[in-house]
Amino acid sequence: MSLLKRLGNNDPLIDKPQSSTKILKTYQPQKRTGNDLESRLHNYVIEEIQKKNQNEENIDQKIYELAESFLDEQSVAVSFEEKRELVGAVKNELVGFGPITPLLHDPAVTEIMVNGPNDVYVEKKGKLIKTDVQFKDNGHITRIIEKIVTPLGRRIDESSPMVDARLPDGSRVNAIIPPLAINGPTITIRKFSETPFTIQDFIRFGTLTDEMAEFLKACVSSKLNILVSGNTGSGKTSMLNVLSSFIPSDERIVTIEDAAELQLSQPHLVTLESRPPNIEGEGEITIRDLVRNALRMRPDRIIVGEVRSSEALDMLQAMNTGHDGSLSTGHANSPRDLLSRLETMVLMAGFDLPVKAIREQIAGAVDLIIHQSRLKDGTRKVTHITEVLGLEGDIVVLQDLFLFKETGVGYDGHVLGRFSPTGIRPKFADLLESKGIKLSSALFQGEW
């Protein structure tokens with residue numbers, strides 16, 4: 001596929017054709033000469049590629065050669081470093097995502113936040129840092145958003161000013177534009193590692209211990225229904241990826257997400273993605289619709305990227321009707337808070353169910369809750385592994401099996417603490433043994 005055909009009319013510096021003789025439009029001169037030179041070089045490269053109908057092979061070399069030719073024609077003297085920076089910027093506009101492309105390629109960056117043309121922040125090691133990356137104007141940001149969402153069949157405009165999308169590598173993108181975003185177009189990108197994290201990575205990061213990892217692997221293999229809770233940025237999706245890696249390769253997995261992010265390696269995998277309404281407000285396919293459809297697809301496992309609304313009712317019913325081993329995530333501050341949120345989400349389905357009936361559904365469906373937190377120093381820890389025992393009266397009874405206990409803050413600002421089992425053997429331990437999984441009693445020996 002040629003480069004121009006792939007870019008279509010969504011390239012940041014190209015206008016839609018007005019006639020056969022006027023295809024490109026150059027930006028008005030900027031305050032800084034460098035920006036104007038970059039814009040003119042960009043348009044020149046686009047014109048030459050279009051004339052020769054070139055594709056993306058060796059694009060770096062082609063752009064460099066065209067830049068040499070352009071600078072010679074314009075009699076512009078630039079240093080080697082300036083030329084390299086200029087060519088890099090043009091390449092980022094052509095085949096990347098503009099000024100944020102280097103940040104997307106930086107493995108140390110876990111999140112990118114564009115708050116305006118001159119306010120671009122990143123998260124590194126759990127800390128927010130302002131960068132020197134700049135866009136030309138608000139229109140430039142909007143064109144980059146369109147470049148991200150258009151290939152996915154999504155749109156963003158005044159009638160639909162919010163959008164969830166994903167990058168080719170699976171990174172999650174949220175964008176919102178005026179009139180909702182008062183300060184201008186805003187982009188938030190949650191990056192995911194090109195190579196999915198493994199449980200060994202989590203152990204190395206200090207997210208959990210070997211014993212906790214062994215226990216979670218046994219729970220997933222035994223088809224317990226597990227929910228991962230946590231606050232924003234705590235690593236819930238990464239944990240869901242790791243848990244999913246424990247699913248045997250001979251099982252049929254159906255994943256359901258707003259924007260497909262999970263990176264599973266099993267061969268028998270069906271990935272479903274919700275769809276927003278079209279410009280007429282029709283054609284919307286919700287997570288709830290997909291959960292109900294998944295039940296007809298003969299799944300061994302159903303994985304919902306995040307339960308956030310009325311789909312909670314369908315998810316609980318699936319767990320209660322033989323679809324064991326289901327996995328999902330939800331925003332909450334603690335395992336107990338997650339249960340309260342589930343109650344609220346079930347009520348959002350529009351059924352006037354008594355609270356006790358909802359709690360019976362939750363107690364019968366959910367076996368285990370893994371709660372993950374991002375601590376003050378930016379590190380992520382599994383702070384609770386909690387068993388759901390059942391219903392006593394009107395209360396869902398929870399039992400902590402593993403905890404992370406904070407003990408203070410080190411001289412370098414790092415949070416100090418230790419993981420510890422509570423000393424309680426889970427009620428479902430007999431179920432694990434019946435499936436051939438034997439866990440050492442020492443695994444649960446605690447200090448109290």
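Can you find a residue in the range 85-101 that is under 16 Å from the mean Cα position of the chain (by Cα), aliphatic (A, V, I, L, M) and at pLDDT 85 or above?
The answer is no, given that none of the residues of the range 85-101 is under 16 Å from the mean Cα position of the chain (by Cα), aliphatic (A, V, I, L, M) and at pLDDT 85 or above.
Name the single residue, out of those in the range 345-403 being of a type in the set (Asp, Glu) and in a loop (DSSP other than H, G, I, E, B), that is nearest to LYS223 (Cα to Cα).
As a first pass, look at the range 345-403 and keep what is of a type in the set (Asp, Glu): 352, 360, 367, 377, 387, 392, 394, 400.
Next, only the ones that are in a loop (DSSP other than H, G, I, E, B) stay: 352, 367, 377, 394.
Working: ASP352: 31, ASP367: 10, ASP377: 34, ASP394: 27 Å.
Filtering first and then ranking leaves ASP367.
Give me the pairs, please: first residue somewhere in the range 137-158 and within 19 Å of PRO99 (Cβ to Cβ), second residue anywhere and in a helix (DSSP H, G or I) and not aliphatic (A, V, I, L, M), beta-carbon distance under 6 Å, and either six or more positions apart or on two chains.
These pairs meet every condition: ILE144/GLY98.
Given the structure, is ILE247 touching a Cys at 6+ places or on another chain (Cβ under 8 Å) and of a type in the set (A, V, I, L, M)? Step through it out loud before you land on a result.
Numbers: touching a Cys at 6+ places or on another chain (Cβ under 8 Å): no; of a type in the set (A, V, I, L, M): yes.
In short, no.
What tally of residues in the range 154-165 results from selecting those that are crowded, with 17+ Cβ neighbours inside 10 Å and either hydrophobic (A, V, I, L, M, F, W, C) or in a helix (DSSP H, G or I) (or both)?
3
If ASP210 meets every condition in (1) touching a residue at least 12 places away in the same chain (Cβ under 8 Å); (2) assigned by the TED database to the domain that holds ARG288; (3) surrounded by fewer than 16 Cβ atoms within 10 Å (Cβ to Cβ); (4) among the acidic types (Asp, Glu) apart from one, which number is that one?
Result: ASP210 passes all but (1).
Would you confirm, using the coordinates I've provided, whether SER238 is in a helix (DSSP H, G or I), within 23 Å of the chain's Cα centre (by Cα) and not β-branched (Val, Ile, Thr)?
Working: in a helix (DSSP H, G or I): yes; within 23 Å of the chain's Cα centre (by Cα): yes; not β-branched (Val, Ile, Thr): yes.
Yes: the conditions hold for SER238.
Kindly list the number of the only condition in (1) more than 22 Å from LEU272 (Cβ to Cβ); (2) touching a Lys or Arg at 6+ places or on another chain (Cβ under 8 Å) that fails for PRO178.
(2)
Could you pull out every one of the strands (runs of 3 or more DSSP E) wholly within the range 249-327 that has 3 or more residues that are over 16 Å from LYS223 (Cβ atoms) and not assigned by the TED database to the domain that holds ASP169?
In the range 249-327, the matching strands (runs of 3 or more DSSP E) lie at 253-257, 269-273.
If you check PRO178, PRO168, which single one turns out to be in the same structural domain as ASP137 (by the TED database), free of Cβ contacts under 8 Å to residues at least 12 places away in the same chain and either assigned to a helix (DSSP H, G or I) or not hydrophobic (A, V, I, L, M, F, W, C) (or both)?
So the residue among PRO178, PRO168 that is in the same structural domain as ASP137 (by the TED database), free of Cβ contacts under 8 Å to residues at least 12 places away in the same chain and either assigned to a helix (DSSP H, G or I) or not hydrophobic (A, V, I, L, M, F, W, C) (or both) is PRO168.
Can you tell me which residues in the range 135-153 are closer than 14 Å to ILE187 by Cβ and not in a helix (DSSP H, G or I)?
Answer for the range 135-153, where residues must be closer than 14 Å to ILE187 by Cβ and not in a helix (DSSP H, G or I): just PHE135.
Could you check LYS125 against (1) buried (at least 16 other Cβ atoms within 10 Å of the Cβ); (2) in contact (Cβ under 8 Å) with a residue 60 or more places away in the chain and say which number it fails?
Failed condition: (1).
What about PRO107, is it of a type outside the set (D, E, K, R) and either assigned to a helix (DSSP H, G or I) or exposed (fewer than 14 other Cβ atoms within 10 Å of the Cβ) (or both)? Break it down stepwise before answering.
Numbers: of a type outside the set (D, E, K, R): yes; either assigned to a helix (DSSP H, G or I) or exposed (fewer than 14 other Cβ atoms within 10 Å of the Cβ) (or both): yes.
Criteria met by PRO107.
Please work out which one of (1) crowded, with 16+ Cβ neighbours inside 10 Å; (2) out of contact with any strand residue (DSSP E or B) (no Cβ under 8 Å at 6 or more places or on another chain); (3) touching a residue at least 24 places away in the same chain (Cβ under 8 Å) is the condition LYS191 fails and give its number.
Looking at each condition in turn, LYS191 falls short on (2).
Consider ARG341 against the criteria (1) without any contact (Cβ under 8 Å) to a residue 12 or more places away in the chain; (2) not in a helix (DSSP H, G or I): it satisfies all of them except one. Which criterion is unmet?
Against the list (1) without any contact (Cβ under 8 Å) to a residue 12 or more places away in the chain; (2) not in a helix (DSSP H, G or I), ARG341 comes up short only on (2).
The values are calculated or read from the model by the stated rules, or taken from the named source; none is laboratory data. Since we're looking at a predicted model, the values are computed, not measured. FYI the Cβ positions are ideal-geometry reconstructions off the backbone, even for glycines, and counts take in every protein chain you see.
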